[in-house]
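Novice: Below are the structure tokens for one structure; questions will follow.
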Amino acid sequence: MGDECKIMFQALGDMTRLRILELLRENEELCVSDIAKHFEMSQPSISHHLDVLKRAGLVENEKRGREVYYRFDRDAIVECCGKQMKLFDLDLVPIGKNGVLVKGRKKRERE
């Protein structure tokens, strides 16, 4: 497994960071103070979690004036998950409008 994916999976192993990503997915982008309103922890703690997510490539940020705005980087997680699917020799098969089915590839017969 590549180091990028390892760092990403470690960042995803925290419930606060998962909730932050969920908020960003639902809201497109939020500033640190808006994210902090959803948690019972200090703004510096939220900034720490955002820094972990940024280093893992899961969020992008942009400074505007005194505020820093964050966005969820969907492409990064799709790329990492794709690498993991290939590692385990799995395919994603679309089913219906909103789902996918994970299928193992057939093993090649030995000659």
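Novice: What are the residues in the stretch 45-65 that are touching a residue at least 40 places away in the same chain (Cβ under 8 Å) and among the small types (Gly, Ala, Ser), if any?
Specialist: Scanning the stretch 45-65 gives ALA56, GLY57.
Novice: Given the structure, is ARG64 at pLDDT below 95 and more than 13 Å from the chain's Cα centre (by Cα)?
Specialist: Criteria met by ARG64.
Novice: Of the residues ASP91, ASP51, which is loosely packed, with under 14 Cβ neighbours inside 10 Å, touching a strand residue (DSSP E or B) at 6+ places or on another chain (Cβ under 6 Å) and either modelled with pLDDT of 95 or more or not in a helix (DSSP H, G or I) (or both)?
Specialist: ASP91
Novice: Please specify each residue of the stretch 54-76 satisfying the condition of being acidic (Asp, Glu) and assigned to a strand (DSSP E or B).
Specialist: Within the stretch 54-76, GLU60, GLU62, GLU67 qualify.
Novice: Could you check the stretch 2-44 and list, in sequence order, the residues that are touching a residue at least 12 places away in the same chain (Cβ under 8 Å), of a type in the set (S, T, N, Q) and farther than 13 Å from TYR69 by Cβ?
Specialist: Hits for the stretch 2-44 are GLN10, THR16.
Novice: Still on this structure: Output the residues belonging to the stretch 7-17 that are among the aliphatic types (A, V, I, L, M) and modelled with pLDDT of 95 or more.
Specialist: MET15
Novice: Spot the failing condition for SER33; the list is (1) in a helix (DSSP H, G or I); (2) touching a helix residue (DSSP H, G or I) at 6+ places or on another chain (Cβ under 8 Å); (3) surrounded by 15 or more Cβ atoms within 10 Å (Cβ to Cβ), and only one is missed.
Specialist: Exception for SER33: condition (3).
Novice: Report, by residue number, each residue of the stretch 1-30 that is in contact with a helix residue (DSSP H, G or I) (Cβ under 6 Å, 6 or more places away or on another chain), closer than 13 Å to VAL59 by Cα and not hydrophobic (A, V, I, L, M, F, W, C).
Specialist: Scanning the stretch 1-30 gives a single hit, ARG17.
Novice: Now for a different question. Taking the stretch 19-30, which residues are closer than 17 Å to VAL78 by Cβ and surrounded by 12 or more Cβ atoms within 10 Å (Cβ to Cβ)?
Specialist: LEU21, GLU22, LEU24
The values are calculated or read from the model by the stated rules, or taken from the named source; none is laboratory data. Quantities reported herein were computed from a predicted structural model and do not represent experimental measurements. Virtual Cβ from ideal backbone geometry, glycine too; neighbours counted across all protein chains shown.
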